[in-house]
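All remarks here apply to the structure that follows.
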Amino acid sequence: MWRSVKYEEVYLKAYDSVSHARSSIGDYLNGYNQNRPDARLAGQTLDEAYFATLPAIKSAA
């Protein structure tokens, strides 16, 4: 994942400040988790795969 962040976000932009960098990288990570399907997860996004397991975890507690 960090390689993707570096090559698809950080290396392509010149940030004006640390706060701008944090905001921009945060936006990238949100999009990475919410919109990018993963072949290892049968085409689900990372968020879909993670949140699908939450009810099973809650009921086990």
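The listed residues are TYR11, TYR7, TYR32, and the only one of them that is in contact (Cβ under 8 Å) with a residue 24 or more places away in the chain and either of a type in the set (Lys, Arg) or part of a helix (DSSP H, G or I) (or both) turns out to be TYR32. Filtered by the rule that a residue be more than 17 Å from ALA52 (Cα to Cα) and among the acidic types (Asp, Glu), the range 10-42 gives ASP16, ASP27.
Coordinate-derived values only; no laboratory data. Fair warning: this is a prediction, and the values are worked out from it, not measured in the lab. Quick reminder, even Gly has a Cβ in these numbers, built from the backbone with ideal geometry, and neighbours come from all protein chains shown.
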